[in-house]
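Heads up, the thing below is written out as structure tokens.
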Amino acid sequence: MLTGTNLVYTKKYNLRIVHEVIRVHGPLSRADVARHTQLSVQTVSNLVKELLELRLVQEGARRSEGRGAPSTELTINPDGAYAIGLDLDRDHLTGVLVDIAGQVRQRMHLEIETPSSAEVLDLMCSMVQSMAKAQGLRLEDLAGLGVGVPGPMHRDESGTGFLVNPTAFPGWHDIPLASWLTERLHMPVYLENNALAAALGERWNGGGRHIATFFYIYFGSGLGGGLIMNGQPYQGFSGNAGEIGYLPTVLSGDVAASTSEEAPHVGLHFNMPRLYQRLRRGGTVVGSLEELDRLFAASHAGMLEWMDDAADHLTALVLAIEHVLDPEAICFGGRLSDRILAGLMSRVARLLPERRVGRKVSVPRHFLATAGVDAGALGVATLPIHEIFAPAPRVLLKDRRDAAIGGTGLRRSATTP
């Protein structure tokens, strides 16, 4: 369906554009903002006045730019908005409370083991309330709650929400987690695959700030991926774009094919519980990501063997990403240590030249994610802030469905009744 726009939507979009330019490039004068946005100085002044009234930007030092009166520098007001992100996986629940500048104000971490959906709901509500209280905030002071979960997920019958079906969680089937949290906390909740959320976080606050299109390879308790396309997160038709862990293996003699009831797929080689078992069979008792980092630092033979095997499969995935998506860059991040990720990246870099078919004029550069082990939590904390402030093209469009349901335009949000 083709939709038009009007001046109301245009103003909202320009307001977000000005805010984003100040956030990414500040401190800036009003004249600087006008040059960046190609808006008139008067338009910028009017929009900045509104942002100041909303306490989303703040005035700072005055600087001289030659002739005329000194100009006032504008920066983001870190206290202008807060959001909470919760990252759930089979072995942990991590929460962070961040400000609009991406600074972590509160953090909580719980080690868990395949909990039930009811247990997760209670833990999440308790964690949100505890972090808000510690920061001196009421729940209504928050921009919203972002929640990251392993895939897959699918639309509910109404087409306005998403149901969670993480394969690593026994007993979880069609769980309306966002709706449950909204009912308990009475706040906007945004649900996302934790890999895509990490990609969005890297785009918003990390090394992807100035990269329009990149793919994020996410290492959690398994393997996932997220795609940022033209500056925006790409979810795909069913909301499961980027699930590279479910791609079938193409290497001969795949061990997973003979040791698992599941169809052989790449993600089995990056399943952390399977890696722990593999190392235990070799006589090394291990059960945490921190212990894996220590083994790699000590050049443990079993760990190095896994690194080589993992890089072998990663190289095939990277080539597939290169040819199918043609991104500007590929990011490596998630819950594995920076040391392990860097080791995987160097191994992949050595394998790629001999595996590429023909000559490519250009290839995507690889970079290490900046968020560290909290990439998932920081990513989902970005969701409410991104929804409210990002200058997404959809802001210009009249969305009839949103008007009908009172939503914000983010397909996976469960808005407060």
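In segment 1-19, how many residues are at pLDDT 90 or above and either within 18 Å of Glu59 (Cβ to Cβ) or not in a helix (DSSP H, G or I) (or both)?
Final tally of qualifying residues: 3.
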Inset, instruction - Might you let me know whether segment 95-110 holds any residue that is touching a residue at least 12 places away in the same chain (Cβ under 8 Å), out of contact with any strand residue (DSSP E or B) (no Cβ under 7 Å at 6 or more places or on another chain) and open to solvent by 60 Å² or more (accessible area, probe 1.4 Å)? - result: yes
Legend entry - Condition check for Ala311: surrounded by fewer than 19 Cβ atoms within 10 Å (Cβ to Cβ), of a type in the set (A, V, I, L, M) and under 21 Å from Val266 (Cα atoms): no
Legend entry - helices (runs of 4 or more DSSP H) within segment 316-413 that include 2 or more residues within 29 Å of Asn14 (Cα to Cα) and at pLDDT below 95: 375-389, 400-405
Inset, instruction - Output the qualifying pairs, or none if there are none: Cβ atoms under 9 angstrom, residues six or more apart or on different chains, first residue in segment 277-294 and more than 13 Å from Leu341 (Cα to Cα) and polar (S, T, N, Q), second residue open to solvent by less than 60 Å² (accessible area, probe 1.4 Å) and assigned to a loop (DSSP other than H, G, I, E, B). - result: Thr284/His300; Ser288/Asp91
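Quick one: is Tyr82 at pLDDT 95 or above, under 30 Å from the mean Cα position of the chain (by Cα) and over 30 Å from Ser288 (Cβ atoms)?
When the stated conditions are applied, Tyr82 passes them.
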Inset, instruction - Could you run through segment 159-188 and say how many residues are open to solvent by less than 30 Å² (accessible area, probe 1.4 Å), assigned to a loop (DSSP other than H, G, I, E, B) and either modelled with pLDDT of 90 or more or not aliphatic (A, V, I, L, M) (or both)? - result: 7
Legend entry - Every residue from segment 314-323 that is buried (at least 17 other Cβ atoms within 10 Å of the Cβ) and over 19 Å from Asn271 (Cα atoms): Leu319, Ile321, Glu322
Inset, instruction - Output the residue which, of all residues in segment 48-69 that are among the aliphatic types (A, V, I, L, M) and at pLDDT 90 or above, is surrounded by the most Cβ atoms within 10 Å (Cβ to Cβ). - result: Val57
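Would you pick out the residues in segment 105-131 that are polar (S, T, N, Q) and at pLDDT 95 or above?
Once the filter is applied, which keeps residues that are polar (S, T, N, Q) and at pLDDT 95 or above, segment 105-131 yields Gln106, Ser126, Gln129, Ser130.
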Legend entry - Scan of segment 116-130 for residues that are more than 18 Å from Gly144 (Cα to Cα) and not aliphatic (A, V, I, L, M), ordered by number: Ser116, Ser117, Glu119
Legend entry - The one condition in (1) part of a helix (DSSP H, G or I); (2) touching a Lys or Arg at 6+ places or on another chain (Cβ under 8 Å) that Met127 fails to fulfil: (2)
Legend entry - segment 345-365 - residue that is within 24 Å of the chain's Cα centre (by Cα) and touching a residue at least 40 places away in the same chain (Cβ under 8 Å) and, of those, farthest from Ala199 (Cα to Cα): Val363
Inset, instruction - Report, by residue number, each residue of segment 326-382 that is within 27 Å of Tyr82 (Cα to Cα), open to solvent by 30 Å² or more (accessible area, probe 1.4 Å) and of a type in the set (S, T, N, Q). - result: Thr370
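Tell me the residue from Ser40, Ser45 that is open to solvent by 50 Å² or more (accessible area, probe 1.4 Å), at pLDDT 90 or above, over 22 Å from Arg394 (Cβ atoms) and not charged (D, E, K, R), please.
The unique qualifying residue is Ser40.
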Inset, instruction - Might you let me know whether segment 24-32 holds any residue that is in contact with a helix residue (DSSP H, G or I) (Cβ under 7 Å, 6 or more places away or on another chain) and among the hydroxyl-bearing types (Ser, Thr, Tyr)? - result: no
Legend entry - Elements of type strands (runs of 3 or more DSSP E) in segment 190-298, at least 1 residues being at pLDDT 95 or above: 214-219, 223-229
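The values are calculated or read from the model by the stated rules, or taken from the named source; none is laboratory data. This one's a predicted model, so the numbers in the text were calculated from it and none came from an experiment. Note that each Cβ is placed from the backbone with ideal geometry, even for glycine, and that neighbours are counted across all protein chains shown. Only protein heavy atoms, including side chains, enter the accessible area calculation; ligands, DNA and RNA are left aside. Shrake-Rupley method; radii C 1.70, N 1.55, O 1.52, S 1.80 Å.
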